[in-house]
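Step one of this worksheet: look at the structure below.
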Amino acid sequence: MIHLLRIGSDVALETADELAAALARELRESCHVRPEPIDPSFAFDPVRNQYHATSILRAMTSMTEGERLLGIASVDLYVPIFTFVFGEAQVSGRCALISLTRLRQEYYGLPSDRRLTAERLLKEALHELGHTYGLRHCHDWSCPMASSTSIERMDLKNRRYCLRCHAAVRAASYS
Ligand SMILES: [Zn+2]
Ligand SMILES: [Zn+2]
């Protein structure tokens, strides 16, 4: 069972529902969107004008009773060693977090493209959830588990795990 949690009031329920349906298909697990979003203001860093991903993940840990919990944030995320992160996850843990901010074409000064945003969101969700299943980064650049530090690299990925990562996720979710 995977729960999706909106972080910030401006993540559309429709966006979360669409992602839940896509994840349920790829992971063959039931996905449920929690109705109430949470407010991430506790994780705001006024100097960086970004939100501390690890603090949000830590808060999410107390919000799960064994199900996997995926946070979808509308705000830009960071960890101290990087200028930004698309997401963060607890390796072999329960919680994962992704941000919509840099998945939107508008962020790069381009016209909005809902379909592209949804596709990127799925890839990034598969990546971070993959870490919660214990997966490390994949050397296959077209696999969602490849590391991506730019949106161009993310767009080269498929919407499905490579065979090896797929098998590893299946094995972990049955154990
Ligand atoms: Zn990663
Ligand atoms: Zn892979």
* Asked: Would the range 150-166 turn up any residue that is touching a helix residue (DSSP H, G or I) at 6+ places or on another chain (Cβ under 7 Å), among the small types (Gly, Ala, Ser), more than 13 Å from ligand 2 (Cβ to nearest atom) and within 30 Å of PRO46 (Cα to Cα)?
  -> no
* Asked: Out of the residues in the range 26-48 that are exposed (fewer than 12 other Cβ atoms within 10 Å of the Cβ) and not aliphatic (A, V, I, L, M), which is farthest from ALA168 (Cα to Cα)?
  -> PRO46
* Structure fact -> The condition of being in contact with a helix residue (DSSP H, G or I) (Cβ under 7 Å, 6 or more places away or on another chain) and crowded, with 21+ Cβ neighbours inside 10 Å holds, among TYR107, TYR51, only for TYR51
* Count of residues meeting criterion [within 11 Å of ligand 2 (Cβ to nearest atom) and of a type outside the set (Lys, Arg)] in the range 127-146 -> 13
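Would it be correct to say that SER30 is more than 14 Å from the chain's Cα centre (by Cα) and within 16 Å of ligand 1 (Cβ to nearest atom)?
So SER30 does not fit the description; no.
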* **Residues (at pLDDT below 95 and of a type in the set (Phe, Trp, Tyr)) located in the range 60-86** => PHE82
* Would you mention how many residues in the range 81-114 are under 30 Å from GLU65 (Cβ atoms) and away from ligand 2 (no atom under 16 Å from the Cβ)? => 16
* Would you mind stating whether GLY71 is more than 16 Å from ligand 2 (Cβ to nearest atom), small (Gly, Ala, Ser), within 15 Å of the chain's Cα centre (by Cα) and not in a helix (DSSP H, G or I)? => yes
* Asked: If we only count strands (runs of 3 or more DSSP E) wholly inside the range 1-63, which ones have 3 or more residues that are in contact (Cβ under 8 Å) with a residue 60 or more places away in the chain and closer than 16 Å to ALA125 by Cα?
  -> 2-7
* Asked: For the range 92-101, which residues satisfy the criterion of being under 13 Å from ALA73 (Cα atoms) and either in a loop (DSSP other than H, G, I, E, B) or within 12 Å of ligand 1 (Cβ to nearest atom) (or both)?
  -> ALA96, LEU97, ILE98, LEU100
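The values are calculated or read from the model by the stated rules, or taken from the named source; none is laboratory data. On a predicted model such as this, the values are computed, not experimentally measured, just so you know. Note that each Cβ is placed from the backbone with ideal geometry, even for glycine, and that neighbours are counted across all protein chains shown.
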